[in-house]
Amino acid sequence: MYTYRELQASDCETIAIFPQNEDELFFMFPSATYPLTAGQIVERVKDRLKATVVLDQSEVIAFANLYDYNGESCWLGNVIVAPIHRGMGASKYLVDTMSTIARKELNVRKLKLVCHNTNTRGLLFYTKLGFIPYEISSRQKPSGEFIAGIHMEKEL
């Protein structure tokens, strides 16, 4: 059974090892430099809301936050799950938790996110959770390659 709590600074070292390569880091945190460091996470969450970790017993296994809150909607960001916990329900628990926090604590009606077109697993996952694509934007990977950012939203 998973639980969640607010991010603590000591969690950042653990979260920094979750992205296994540059592509995973780009999906999670496009402005970060691989390999991810605890310092990059600490800096990012300074301008984010409700930085949250999911625990399996006392082990940090997932992380996300919210941003660009405007009273009616906000964005889900920096979503990542430890590799050994992927495909086991932790991702769903994390997104459901962040949806509940957005609805109950921030009183938003829509939760939005961007998922890159090269993240097929993520696109299928978010669609399964009820997120609907509504816009596409151009994104540039650190390699210089351009890809599509698929903007998705879900009524809460």
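Any read-out appearing in this document is the output of simple, stated calculations on the displayed coordinates, not a laboratory observation. Remember, predicted model here, so these are calculated numbers, not experimental data. Here the Cβ positions follow ideal geometry from the backbone for every residue, glycine too, while neighbour counts run over all protein chains shown.
When you go through D56, D47, D11, D23 one by one, which is the residue that is surrounded by 14 or more Cβ atoms within 10 Å (Cβ to Cβ), under 15 Å from the mean Cα position of the chain (by Cα) and among the charged types (D, E, K, R)?
On inspection, the qualifying residue turns out to be D23.
Within the group V60, V79, V45, which residue is in contact with a Ser or Thr (Cβ under 8 Å, 6 or more places away or on another chain), closer than 25 Å to Q140 by Cβ and not acidic (D, E)?
Going through V60, V79, V45 in turn, the sole match is V79.
Does the stretch 123-135 contain any residue that is in contact (Cβ under 8 Å) with a residue 40 or more places away in the chain and surrounded by fewer than 20 Cβ atoms within 10 Å (Cβ to Cβ)?
Among the residues of the stretch 123-135, not one is in contact (Cβ under 8 Å) with a residue 40 or more places away in the chain and surrounded by fewer than 20 Cβ atoms within 10 Å (Cβ to Cβ), which makes the answer no.
Given the criteria acidic (D, E), closer than 20 Å to N117 by Cα and either outside any helix (DSSP H, G or I) or out of contact with any Lys or Arg (no Cβ under 8 Å at 6 or more places or on another chain) (or both), does E24 qualify?
Judged against the criteria, E24 is a match.
May I ask you to verify whether V81 is buried (at least 19 other Cβ atoms within 10 Å of the Cβ), touching a residue at least 60 places away in the same chain (Cβ under 8 Å) and of a type in the set (A, V, I, L, M)?
Yes; evaluated as a whole, the condition is true for this residue.
Out of all the residues in the stretch 101-122, which are outside any loop (DSSP other than H, G, I, E, B), surrounded by 15 or more Cβ atoms within 10 Å (Cβ to Cβ) and among the hydroxyl-bearing types (S, T, Y)?
none
Restricting to the stretch 31-84, give me the number of residues that are part of a loop (DSSP other than H, G, I, E, B) and under 19 Å from L111 (Cα atoms).
The number of residues fulfilling the criteria is 7.
Any chance you could count how many residues in the stretch 10-36 are more than 28 Å from T120 (Cβ to Cβ), free of Cβ contacts under 8 Å to residues at least 40 places away in the same chain and not hydrophobic (A, V, I, L, M, F, W, C)?
Total meeting the criteria: 2.
Of all residues in the stretch 136-156, how many are under 16 Å from S99 (Cβ atoms) and either within 16 Å of the chain's Cα centre (by Cα) or surrounded by 14 or more Cβ atoms within 10 Å (Cβ to Cβ) (or both)?
Adding up the residues that qualify gives 4.
For T120, all conditions in the list (1) within 23 Å of F146 (Cβ to Cβ); (2) out of contact with any strand residue (DSSP E or B) (no Cβ under 9 Å at 6 or more places or on another chain); (3) touching a residue at least 40 places away in the same chain (Cβ under 8 Å) hold save one; what is the number of the exception?
For T120, the exception is condition (3).
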